[in-house]
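**Q** Here's a structure for you.
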Amino acid sequence: MTPPVTQTTNDTCPPSFDPCEPRRLAALRSYGILDTPPEPEFDDIAQMAAQACDAPMAHINFIDADRQWIKAAVGHDAREMPLHFGFCTQAMREDSILVLPNLKQEPELASNPLVTGEPHLRFYAGVPLTTADGWAIGTLCVLDREPRTLTAQQEFILKALARTVMAQLESRRSAAALRAREAELRLVADAMPVLIGFIDRSLTYRFANAAYQTWTGRAPEDVIGRTISEVLSAGELEARLPQIERTLAGEGVQFELNWACPDGQVRVADIRYMPRFVADGSVDGFYVFVHDISDRKRVEDLLQTRASHLEAQVASQTRDRDRIWTLSPVLKVVAEPDGRIEGVNPSWTRTLGWSEAETVGRKISDFVAADEREAIAGFLSRLAAAEPVDDTEVSFVTSDGSKRRILWTFVPEEGVLYGFGRDITEQRQAEEALRQSQKLEAIGQLTGGVAHDFNNLLTIIRSSVEFLRRPELSEDRKRRYLNAVSETVDRAAKLTSQLLAFARRQTLRPEVFEVSERLRAISDMLDSVTGARIRVVTDLPGEHCYVRADASQFETALVNIAVNARDAMDGEGKLTLHLDAGVPMPPIRGHASASGRFVAVSVTDTGTGIAQADLARIFEPFFTTKEVGKGTGLGLSQVIGFAKQSGGDVDVGSTLGRGTTFILYLPQVETPASMGIAAADQPEETAGESGLRILVVEDNLEVGRFCTQILEDLGHSPVWTQNAEAALAAIEGSATQFDAVFSDVVMPGIGGLELARQLRDRHPDLPVVLTSGYSHVLAQDDAHGFEVLRKPYSADELARVLRQTVKRSRPH
């Protein structure tokens, strides 16, 4: 019996050996050796180990998770013991062999009961039983009651016998796996409805599955071991001998025949003979597969009988398709992914005038108006890349040079583009006529209001100027009238700005500002706008958030919303400003949601609310629910115009009797590294730089004269040209004589923006300042990188802008 070791399992096992390691236990149990009866093969190996090592005791044991189980033993009868008994777990640490010559001299083992008592063990030598994957699953060991050691030859024999144990285990496992595989294959073969058999070269059946009985009426066990001549009739054997001979020669054979089955049915059998090749390349027999194809044959016959009928139907459908292709009013195009046309229907020619011969082989973009070719090319490339696209509407040029507006739907399929176009020229013309009519009606409504407001402003200016002409007017009254003129001009400029915002084409001055600070300032201003009986509440987040927008238009938009709220509350209630940062912009009025982070400014009132029928119209110009004379309907148009042009939108929700909430969405920008000091907050320089040579480009005579007079009064030397062409000629004559160019944007011929671009390319060191009361070009894309002074401007504003622009352009 193997002597026990007093340490616990964890103390006994090194870090490299864990008896509870799941993979080691799985390797042990894969051999199926535990708890099996004695076997001569293992008993012989244990006996040989004892004799070779001249030891009275030897055994083969396997280490389970919590026990040491002995498969074969010499000199004792033990079959199992606790895991902490014995020295085998120590041996399993070793790569080769563990030899303990005198157990009495081992400090940790001398007090073991099996050393101090029966059987008084003194000597142990063990070799680990290791799998091919390196897992130690047990040991082969020899023991003695006397201290001793092993010779090199005995160690060699003991290790060789350990390898013999593992070879025996591997052989048992392989044989078991083979038997399991054969059983599994038979189960699979028996489950298949196909007859499967194997016949060797002597034409004897060696295998037959369960389906053999279905086809022949004989059980598989009645066939295996019998020859073909004993199973088939003489006629059947004679008929199949040619196929059998070809198969034994190495050729696969397949044929069909009508098979009379035991149940009385005649089935169509698909029979296949497949040769089986052995290692030397010869054929030792062949497999037989018989498959019932009766249903398939019936379907083939049915399809054959219906083929002529289907061909007739296809021919009829083809004629119908050709008629649709020919007579359809829809333009139809078949094109390659790059837009090269492969075919068009007659409607193409009827609508555009181009014949099929003039069209095929050219690209779709060749027939599109020049200013839209780039757009249609991008559309087709996205379509070819399988990106989602909507229908597209473009102008096509006809053979006589006119244009037709076509709405196209393109469908990609199997590497081909199918296009379906609908001529909507007349529809678009009718819509444009309706829009023009609506514009005329709007202009009619607008004219009266604008004339009334401007006449009021002009009245103030005219009266003030007349008083200023009186020589006896006191200085105090002169200042009062001059201030009135200046303030009135500011109000006129603000009215113009609001009208441009209504048209959604105001020239914005975007800047990055902190929204919370701006809302706090607006909140104080709203107290005076809404009145004392309306309580203004501000709900702002603790963190900062920034947007890039026109701050003045932002304030104007909130004031317009607040004024509407004041009227809805009849001058009494609560107005709440709430700010959310980093939120998405949801779908609004049927438009898709926008990705990215937005700032949401909510303005909520406790007023009467807005009817659902009116919610869809409140942003329309001139629409108002107020009484005549109490509202123009332009305030909310300005709000949505500002929001859209700033990259955002406005949402509104309302409940009758409970109030309304407007939510202004603007794109949020990252926190600037340093906001610095706003220009408006910096102290104004008291003295400006004078003596500058300024090239003035202004086509309006009065404005040009007045501008040069202002510059002369400021101490500068202006040179005035009335168009961009003359300005370019003057600069090309001597560019170094000018310190800056001050140009209007809207002019005949070359506009101010194009002039500025040419000067930037030709003379990058020459600063350019643009001025405009309104320009659709500037409205679309800020100032295109140039300084812009909006009309009307003052002399101080002109001096400041010129001074700053020239200063930035000069090297420090």
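All of the numbers you see were taken from the coordinates with simple rules; none came from a lab. Being a predicted model, the structure only gives us computed values, none of them experimental. Cβ: placed from backbone, ideal geometry, glycine included. Neighbour counts: every protein chain shown.
**Q** Whole angstrom only: what separates the Cα centroid of region 111-151 from the Cα centroid of region 695-750?
**A** 111 Å
**Q** With Cβ to Cβ distances under 14 Å as the rule, what net charge do the other residues near Asp761 carry (K, R +1; D, E -1)? Show your work: numbers first, answer last.
**A** Details: positive: Arg757, Arg760, Arg762; negative: Glu732, Glu754, Asp765.
With Lys, Arg at +1 and Asp, Glu at -1, the neighbours total 0.
**Q** Label points 7 Å out from Cα along the Cβ direction at Asp133 and Leu178: separation in nm?
**A** The two pseudo-label positions are separated by 2.2 nm.
**Q** Mind scanning Lys363/Lys403; Lys71/Lys159; Lys71/Lys104 and naming the pairs with a C-alpha gap bigger than 25 Å?
**A** Lys71/Lys104
**Q** At a 10 angstrom cut-off on C-beta neighbours, averaged per residue, how do the peptides 147-160, 602-615 rank from highest to lowest?
**A** My ranking of the peptides, most packed first, is 602-615, 147-160.
**Q** Taking a temperature of 25 °C and a viscosity of 0.890 mPa s, what whole-number D in µm²/s does Stokes-Einstein yield for region 171-225 with Rh from Kirkwood over alpha carbon pairs?
**A** Translational D for this selection: 202 µm²/s.
**Q** Could you calculate the FRET efficiency of Cys261 with Ala307 from 1/(1 + (r/R0)^6), where r is the beta carbon distance between them and R0 is 45 Å, rounded to 0.05? Write out the running numbers ahead of the final one.
**A** Values: r = 30 Å, r/R0 = 0.67.
After rounding, the FRET efficiency stands at 0.90.
**Q** Give, rounded to the nearest 20 debye, the magnitude of the charge dipole that region 101-223 has about its Cα centre when Lys and Arg contribute +1 at Cβ and Asp and Glu contribute -1 at Cβ. If you can, show how the numbers build up before the last one.
**A** Details: 14 positive and 14 negative charges, 49 e Å.
Charge dipole of region 101-223: 240 debye, to the nearest 20.
**Q** Now for a separate question. Could you give me the ³J(HN,Hα) list for region 736-752, computed from phi with Karplus coefficients 6.51, -1.76, 1.60 and θ = phi - 60°, whole Hz, x at Gly and Pro?
**A** Using θ = phi - 60°, the values come out as 6, 7, 10, 8, 6, 10, 10, 10, 5, 8, 8, 8, x, x, 6, x, x Hz.
**Q** Over the Cα atoms of region 9-177, each weighted equally, I'd like the Debye log10 I(q)/I(0) at q = 0.15, 0.17 Å⁻¹, rounded to two decimals.
**A** -0.79, -1.03
**Q** Compute the distribution of all C-alpha to C-alpha distances in region 510-669, in bins of 10 Å from 0, and list the percent of pairs in each, rounded to whole numbers.
**A** Pairs per bin, as whole percents: 11, 42, 37, 10, 0.
**Q** For region 38-115, build the charge dipole from Cβ charges (+1 Lys, Arg; -1 Asp, Glu) around the Cα centre, then report which of Ala91, Val74, Asn61 sits farthest towards its positive end.
**A** Ala91
**Q** Output ³J(HN,Hα) for region 220-227: one whole-Hz value per residue in order, computed from phi by the Karplus curve 6.51 cos²θ - 1.76 cosθ + 1.60 with θ = phi - 60°, and x for Gly and Pro.
**A** x, 5, 7, 9, 4, x, 9, 8
**Q** Between Arg477 and Ser328, what is the spin-label point distance in nm, taking each point 7 Å from the Cα along the Cα→C-beta axis?
**A** It is 8.4 nm.
**Q** Quick one: which residues, 5 or more positions from Glu511 or on another chain, have an amide H under 5 Å from its amide H? H modelled 1.01 Å from N in the peptide plane, none for Pro or chain starts.
**A** Ala549, Asp550, Ala551
**Q** What number in nm² do you get for region 686-809 if you take the convex hull of its Cα atoms and divide its surface by four?
**A** About 7.0 nm², averaged over all directions.
**Q** Here's something else I'd like to know. Once you place label points 7 Å from the Cα toward the Cβ at Glu511 and Ala219, how far apart are they in nm?
**A** Here the answer is 10.3 nm between the modelled labels.
**Q** Oh, and also: If the viscosity is 0.692 mPa s and the temperature 37 °C, what translational diffusion coefficient in µm²/s does Stokes-Einstein give for region 342-423 when Rh comes from Kirkwood over Cα pairs?
**A** The calculation lands on 250 µm²/s.
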